Amino acid sequence: NTYDDYDQDRALLERSFNLSSKEFMELNNRIANLLENLKVEKESVERKVFERTEELTFANDRLLELDKVKTDFISVAAHQLRTPLSAIKWTFSLLIEENSENLTLEQRSLLLKGYESNERLINLINDMLVVTRIESGKMQYNLSFIHIEDLIDSILLDFAGQAHVRNVTLAFERPDTQLQYVNIDPEKIRAVIQNLVENALNYTTNGGTITLSAKLENNFIKVFVKDSGIGIPAHQQSSIFNKFFRADNAIKVQTDGSGLGLFVSKSIVNMHKGHIGFQSTEGVGSTFYFTIPCADAHT
Ligand code: ADP
């Protein structure tokens, strides 16, 4: 018990240091004082930590609020921009189609360029709207059970013309046996695959090859888009999924591009509990892939 301990310690100290009772009492008081000071000090530190935490929580709440204001602002501004842009689109197509006989080749080509630039702006604004929807957690998912091969087939049909014009071979190596169902939002996953194929087309030169494939791996369906394009410089590979990021070599070959496609694709794949990634060697090509869990429950 403590009293016995205290007496024993006291005896030991007195003996070892040859302390008188008075000296021992003094030492004892000093220790008690120090302990008291320490207690006061500890309380003051605790108070400071508490106050600082409150300040930080407040600052954090304020940042979240500002972030929401920013997202809402972009969303409203983007919506507002869409209306005049579709009016411009309508004007351009009217001029091109209705006046085609009266236009010189040069005038027609200028109008087409205007039309295409306007289309790019509309696409960019749509991408920005998707990003604001992702950031505010307002993206809605309508799930259904499908075979991913069917989705890939229908997407590739849309790209056949573009691949032909660019003299790029675009093919899907369909698996021999049908893959398991996946429970996905087909429109969202369609956007992911379209984006990967568009990138492969944009960053692959004449005469190149783009191959899609799909397989079962550890209860996930894994889709690959492989190209023989410009590749991604090793030192920029870690930034590829960041918002607005574009690698140096990509900017050189394709001046247009928002750097939003992969950011959007990643968040869609993650929402489906899958993973997106790539392997790439500059000057040789890239293989992008993503996974989606199989829908076991459905037979
Ligand atoms: P964007 O294509 O509009 O620039 P993305 O977000 O789709 O935006 O892609 C981001 C960047 O990743 C591209 O600018 C490019 O640097 C790189 N990238 C994506 N896909 C490929 C690819 N298949 N080959 C080479 N680089 C690619």
Any hit, segment 218-232, residues being β-branched (Val, Ile, Thr) and either farther than 19 Å from Lys188 by Cα or within 7 Å of the ligand (Cβ to nearest atom) (or both): yes
Residue within segment 101-113 that is in contact (Cβ under 8 Å) with a residue 12 or more places away in the chain, within 29 Å of Ala250 (Cα to Cα) and of a type in the set (A, V, I, L, M) present: yes
Matching residues in segment 253-299 - criterion: being part of a helix (DSSP H, G or I) and not polar (S, T, N, Q): Val253, Gly261, Leu262, Phe263, Val264, Lys266, Ile268, Val269, Met271
Some residue of segment 206-227 being of a type in the set (Ser, Thr, Tyr) and farther than 27 Å from His147 by Cα: no
For Ala171: the one exception among (1) among the hydrophobic types (A, V, I, L, M, F, W, C); (2) more than 24 Å from Asn270 (Cα to Cα); (3) touching a helix residue (DSSP H, G or I) at 6+ places or on another chain (Cβ under 7 Å): (3)
Set Lys243, Lys266, Lys252: member being of a type in the set (D, E, K, R), at pLDDT 95 or above and either on the phi < 0 side of the Ramachandran plot or in contact with a Ser or Thr (Cβ under 6 Å, 6 or more places away or on another chain) (or both): Lys266
Pair list, Cβ under 6 Å, 6 or more apart: segment 212-227 residue farther than 16 Å from His272 by Cα, other residue polar (S, T, N, Q) and crowded, with 23+ Cβ neighbours inside 10 Å: Asp227/Thr204; Asp227/Ser286
Odd one out for Val284 among (1) within 12 Å of the ligand (Cβ to nearest atom); (2) more than 26 Å from Asn126 (Cβ to Cβ); (3) surrounded by 13 or more Cβ atoms within 10 Å (Cβ to Cβ): (3)
Count - residues of segment 233-265 that are more than 9 Å from the ligand (Cβ to nearest atom) and either within 9 Å of the chain's Cα centre (by Cα) or surrounded by 19 or more Cβ atoms within 10 Å (Cβ to Cβ) (or both): 0
Which listed residue is surrounded by 12 or more Cβ atoms within 10 Å (Cβ to Cβ) and of a type in the set (A, V, I, L, M), from Val130, Val76: Val130
Subset tally (residues that are among the small types (Gly, Ala, Ser) and more than 22 Å from Thr71 (Cα to Cα)) for segment 112-142: 2
Filter result for the condition that a residue is among the acidic types (Asp, Glu), under 30 Å from Phe17 (Cβ atoms) and either over 23 Å from the mean Cα position of the chain (by Cα) or assigned to a helix (DSSP H, G or I) (or both), over Glu46, Glu41, Glu54: Glu41
Breaking point among (1) loosely packed, with under 14 Cβ neighbours inside 10 Å; (2) of a type in the set (Gly, Ala, Ser); (3) over 28 Å from the mean Cα position of the chain (by Cα), for Gly114: (1)
Hits in segment 180-195 - residues which are near the ligand (Cβ under 10 Å from one of its atoms) and either of a type in the set (Lys, Arg) or in contact with an Asp or Glu (Cβ under 9 Å, 6 or more places away or on another chain) (or both): none
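The values are calculated or read from the model by the stated rules, or taken from the named source; none is laboratory data. All of these numbers come straight from a predicted model, not from anything done at the bench. Cβ sites come from the backbone with ideal geometry, for glycine too, and all protein chains shown count toward neighbours.
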